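The values are calculated or read from the model by the stated rules, or taken from the named source; none is laboratory data. Model, not experiment: these values are computed from the prediction. Note that we place each Cβ from the backbone using ideal geometry, even for glycine, and neighbour counts take in every protein chain shown. Just the protein is used for accessible areas: all its heavy atoms, side chains included, with ligands, DNA and RNA removed. Shrake-Rupley method; radii C 1.70, N 1.55, O 1.52, S 1.80 Å.
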Amino acid sequence: MPGIMHGALAMPDSLPDPATTPQLAAERVLILDFGSQVTQLIARRLRESGVYCEIWPFNADPARIGAWRPRGVILSGGPASTHEAAAPLAPGVVFELGVPLLGICYGEQLLCQQLGGEVQASDHREFGRAFVDVVDDCALFRGVWQPGAREQVWMSHGDRVTRLPPGFRAVGISEGAPFAAIADDARHYYGVQFHPEVAHTPHGAALLRNFTHGVLGLSGTWTMAGFRATEIARVRTMVGDGRVICGLSGGVDSSVAAVLIHEAIGSQLTCIFVDHGLLREGEAEQVVATFRDRFNIRLVHRNASALFLDALDGVTDPEVKRKTIGRLFIDVFEQEAEKIGGADYLAQGTLYPDVIESVSFTGGPSVTIKSHHNVGGLPERMNLKLVEPLRELFKDEVRTLGRELGLPDAFVGRHPFPGPGLAIRCPGEITRERLDILRLADDIFIEEIRRAGLYDDIWQAFAVLLPVRTVGVMGDYRTYDYVVALRAVTSIDGMTADFYPFDGTFLGTVATHIINEVKGVNRVVYDTTSKPPGTIEWE
């Protein structure tokens, strides 16, 4: 039979069962998280080499770990000390699975302590760039590091292994770690005191590939096309004849989720696009044209800008802004959902970093971060089950999936935009006049970045309208107008970011363009702060 038509997209008659898909069932690696701020990078490196993996908390249910049947297990780093009474331990099941293990930093120390070795606090701590002397060969080093070589790595430890468990041997040493790399060839257990997942360990990705492709024997054939087919089949099975509603913002995550789900269930999906009046220039029109006209997705467009802006009148506290926007968004979304007769499922563009943050045993600031980027969850009274097709993907993987689905680059490659929109980029009082100024300044900034061919080199760029005015002279007139701050950062995953190093000529061009065309602005500044892990973007 021919494929079933959903709008303009032809669907195959059958897709593989996710439970039996070899890419996921037979070739997967489990990463147990002990709280390192770079655990996600381990997963990214494995995914980049075509290996499917997931990050679970160190205290995950042992029965669940066993049932998942990973081909190998990686123990991440973490901030704890093995000498602490409440120090997290590796679950016993990982030693009972009979699969290869790789311990990284704290993970190496756990391997040694739990298998009969010894770990001690050291007076010689190592943080930052260090060097490992390769003293012997092992499967982890094959073709990458050679005995006798000195290799640069990135260290971050205070404790160190002082005695190896039976069966292990040292294959690398450093100034502060006599067992910087260890191997038990019989059981295929390996440990490294350094972090191979970070860019500061130049050959780290190759070492991880040796573990997955060499030690585990994985083929590295996990692809986004395979993920697409698997996830479409899963959504079809999960939803059945049910109806799904999706809060479409026009951002990358919700856009990709909507198109993927539409491929799976067609007209059973309805997207609700709430225009809160805090969007970028031309964004509302672009969302409607793309999803309603190009993809033939059922789309409800509610222009509620007057409602939101009236409610924000006189509000200056950023948290109150977010909560106000979140509350109104929920009210409007619920109203529109009732108009279409309700639904059984709610689709969300939840990404893997959100999932990982929510299970971190360290109890970090994820709730604060999420309240910054999002506008709140829907009320329990709506009684909707969640459909989250992207929850196993990182941001760059979502972009790849978007291209696989045929989404235009205008959506797939666009910079992240938080749920509260321009509200958090307009500190102080929000008025229609200030939003118009900000919207135009932001549009000019992005226009100049695109013109210079820099847009894809930057992870996120935007303008901020500061709640201050300065005296300036423009021609023969004295002015008293607003200051616009520009922000542009580079990042891989959004967890850390560094400012983009524009040259002075470019910044001068942008500043002149904004001041000449945006009435109400007489000064432009560039924000050159970096973003360490766990901090919010700008306010």
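At a glance:
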read-out	value
Evaluation of GLY191 against (1) in a helix (DSSP H, G or I); (2) of a type outside the set (Ser, Thr, Tyr); (3) in contact with an Asp or Glu (Cβ under 7 Å, 6 or more places away or on another chain); (4) closer than 19 Å to PRO100 by Cβ (one fails), failing number	(1)
Residue in the stretch 137-151 that is farther than 21 Å from HIS213 by Cα and touching a residue at least 24 places away in the same chain (Cβ under 8 Å) present	yes
The stretch 415-429 - residue that is crowded, with 20+ Cβ neighbours inside 10 Å and within 19 Å of TYR482 (Cβ to Cβ) and, of those, farthest from the chain's Cα centre (by Cα)	CYS426
Members of the stretch 307-356 found to be of a type in the set (D, E, K, R) and surrounded by fewer than 18 Cβ atoms within 10 Å (Cβ to Cβ), listed by number	ASP310, ASP313, ASP317, GLU319, LYS323, ARG327, ASP331, GLU334, GLU338, LYS339, ASP344
Scan of the stretch 261-310 for residues that are touching a residue at least 12 places away in the same chain (Cβ under 8 Å), hydrophobic (A, V, I, L, M, F, W, C) and assigned to a helix (DSSP H, G or I), ordered by number	ILE261, ALA264, ILE265, ALA284, VAL287, VAL288, PHE291, ALA306, LEU307, PHE308, LEU309
Residue match in the stretch 451-468 (condition: closer than 18 Å to VAL315 by Cα, assigned to a loop (DSSP other than H, G, I, E, B), open to solvent by less than 50 Å² (accessible area, probe 1.4 Å) and touching a residue at least 12 places away in the same chain (Cβ under 8 Å))	no
Qualifying positions in the stretch 166-188 - modelled with pLDDT of 90 or more, crowded, with 16+ Cβ neighbours inside 10 Å and not in a loop (DSSP other than H, G, I, E, B)	ALA170, VAL171, GLY172, ILE173, ALA181, ILE182, ALA183, ASP184
Residues within the stretch 55-83 that are surrounded by fewer than 19 Cβ atoms within 10 Å (Cβ to Cβ), without any contact (Cβ under 8 Å) to a residue 60 or more places away in the chain and among the small types (Gly, Ala, Ser), tallied	4
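Every residue, every condition in (1) touching a residue at least 12 places away in the same chain (Cβ under 8 Å); (2) polar (S, T, N, Q); (3) in a helix (DSSP H, G or I); (4) on the phi > 0 side of the Ramachandran plot, yes or no:
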| position | (1), (2), (3), (4) |
| --- | --- |
| HIS200 | yes, no, no, no |
| ALA205 | yes, no, yes, no |
| THR212 | yes, yes, yes, no |
| VAL235 | yes, no, yes, no |
